[in-house]
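**Q** Right, I'll just put the structure down here and ask away after.
FYI, it's all coordinate maths here, none of it is from the lab. None of these values were measured; they are calculated from a predicted model. Note that each Cβ is placed from the backbone with ideal geometry, even for glycine, and that neighbours are counted across all protein chains shown.
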Amino acid sequence: MIDKPLPLPLDDFLNNPPARPEPAELRRLVLGQTVPHLGRRRRWMVIRSYLWTAAIITPLLLYALICSSAVELVRRLAERADEEAFAQNHGVLPIVEEPQPAPAPPLKEKPPPVVAKAPLPAVALEWKAFDAPGVQQSALYLQAGDRYVEDKHDLASALRCYVQSVQAAPVETLEIDPNDNWLVMALKMDQIERRKEK
Amino acid sequence: MPAEDERRLHRAVLVGDERAWRSLYDATSAGLDAYVLWRCAGLRDVADDVVQETWLIAVRRIGSFNPNRGRFLAWLRGIAANVLRGHFRRKLTQPLVGDAHPARVATDSEEREQAEEIARALALLPEDHESLLRAKYLDGLSVAAIAADWVATPKAVESLLTRAREAFRKAYAAESKKKDEVGP
């Protein structure tokens, strides 16, 4: 294929392409205009990372807040339901007392049982035991277990409370009591054995 | 600059590293300047303006550059080609650069008109024709070297070169005719 000759300007352009050394002034100008954009980019990256962190953490915090509020609400509803059920069964409304801190008992004596002025339902007693300090806890759990058996025939919940009572009891108070039911006796004996092994 | 270094610098620029940006600039500015000057047919004032605008667009859109798909200079050339197309499409009543630009003052008006016609003709060429002419005449590559680079036979490259020159001639003739029709 034979090339047609190009017009002179084109021929001149192709055979003598324009060239120049890179202008220093242009370089200074371009860098001066473009480098500030990098600073903006850095600041935007920082802001974006904060936003992402907030976007991840905020739902988790809200979830935790909702869960803790829900737990408290369920607990109060359960207490109220038990109180109302107790009132229906016994014709009295239990008075929920604030726990009285009992004095530390002498070693050889059993700690005096904490008795509410009016009988409390099992669930309320169990919660009270949960929040009670050391020595009182064992007696309250025992009472809660007895209440589960008497009022609700709920042996599973009673067992739970008896186990807590026995585990929380100081070793001196683990003697079998004539008022203990067979389940409490068995748990106490088991606990005594365990502690001896230790 | 090796491709791996380019990728590393690109990652650094994405988080706002100024030194990385300057390194990228230093590695590619001469190549971009030569390309733009060629595409402007030697019109230095237009070339300066196009180079400036290209770099500003590049720094704003640096996030869209993918180093796995091509080299940084090739990406810059793509931006510059778009800027040039926009420039020649605009009906300029005033020059982009002031009349006081030294290059503009020094250029004879007929010479300038001719250069503008050549630049517009280049802008009208298909991309493969323009890049082939550039490879041959600006980069000074032989037909064999171009064929190796383009994964083609030398005969195919020669044939394409002939077609590119013909297209260039026709585009230039069309631009000259437009000028003659419009008048001085």
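**Q** If the chain between A:GLU150 and A:ILE57 were fully stretched, how many nm would it gain, using 0.36 nm times the residue separation less the Cα-Cα distance? Walk me through the numbers before you get to the answer.
**A** Numbers: separation 93, 0.36 × 93 = 33.48 nm, distance 4.74 nm.
Separation in residues times 0.36 nm, less the Cα-Cα distance, equals 28.7 nm.
**Q** Please order B:ASP149, B:ASP17 by the number of other Cβ within 10 Å, starting at the fewest. It would help to have the intermediate numbers written out before the result.
**A** Values: B:ASP149 12, B:ASP17 16.
By the 10 Å Cβ count, ascending: B:ASP149, B:ASP17.
**Q** Working out 0.36 nm times the residue gap between A:VAL35 and A:ASN179, then minus their Cα-Cα distance, what length gain in nm do you get to one decimal?
**A** On the way: separation 144, 0.36 × 144 = 51.84 nm, distance 8.65 nm.
Between A:VAL35 and A:ASN179, full extension yields 43.2 nm more.
**Q** Computed FRET efficiency, Cβ-Cβ of A:VAL46 and A:ALA24, R0 30 Å: what is it to the nearest 0.05?
**A** Numbers: r = 34 Å, r/R0 = 1.13.
Between A:VAL46 and A:ALA24 the formula returns 0.30.
**Q** Right, something else. Would you mind getting the Kirkwood hydrodynamic radius of the range B:1-77 from its Cα pairs, rounded to one decimal in Å? Numbers along the way, then the final one.
**A** Values: mean 1/r = 0.0780 Å⁻¹.
It works out to 12.8 Å.
**Q** If you don't mind, there's one more thing I want to ask. Could you give me the ³J(HN,Hα) list for the range B:36-46, computed from phi with Karplus coefficients 6.51, -1.76, 1.60 and θ = phi - 60°, whole Hz, x at Gly and Pro?
**A** Per residue, the Karplus-derived 3J(HN,Hα) values read 5, 5, 4, 5, 8, 6, x, 6, 5, 5, 5 Hz.
**Q** Can you list the HN-Hα couplings for the range A:176-185, worked out from phi with the Karplus curve (6.51, -1.76, 1.60; θ = phi - 60°), rounded to whole Hz and with x for Gly and Pro?
**A** Listing the rounded values in order: 5, 9, x, 7, 5, 7, 4, 5, 5, 4 Hz.
**Q** Given the pairs B:LYS136/B:LYS170; A:LYS4/B:LYS155; B:LYS155/B:LYS178; A:LYS4/B:LYS136, which span a C-alpha to C-alpha distance of over 27 angstrom in this model?
**A** Working: B:LYS136/B:LYS170 19 Å; A:LYS4/B:LYS155 18 Å; B:LYS155/B:LYS178 35 Å; A:LYS4/B:LYS136 17 Å.
Too far apart for the 27 Å limit: B:LYS155/B:LYS178.
**Q** A follow-up question, please. What does the convex hull of the Cα atoms come to per residue for chain B, in Å³? Show your work: numbers first, answer last.
**A** Details: hull volume 24.1 nm³, N = 184.
It comes to 131 Å³ per residue, whole-number rounded.
**Q** Sticking with the crude label model, points 7 Å out along Cα→Cβ, report the distance from A:LEU8 to B:ALA145 in nm, one decimal please.
**A** Distance between label points: 3.0 nm.
**Q** Here is a further query. May I ask you to give the average projected area over all directions of the convex hull of the Cα atoms of the range A:1-61, in nm² rounded to one decimal?
**A** Numbers: hull surface 41.3 nm².
So the mean shadow area of the Cα hull is 10.3 nm².
**Q** Just to be sure I follow: if Rg is taken over the C-alpha atoms of the range B:106-175 and Rh is the Kirkwood radius over the same atoms, what is Rg/Rh? Before the final figure, lay out each step's value.
**A** Details: Rg = 13.7 Å, Rh = 12.9 Å.
Rg/Rh: 1.07.
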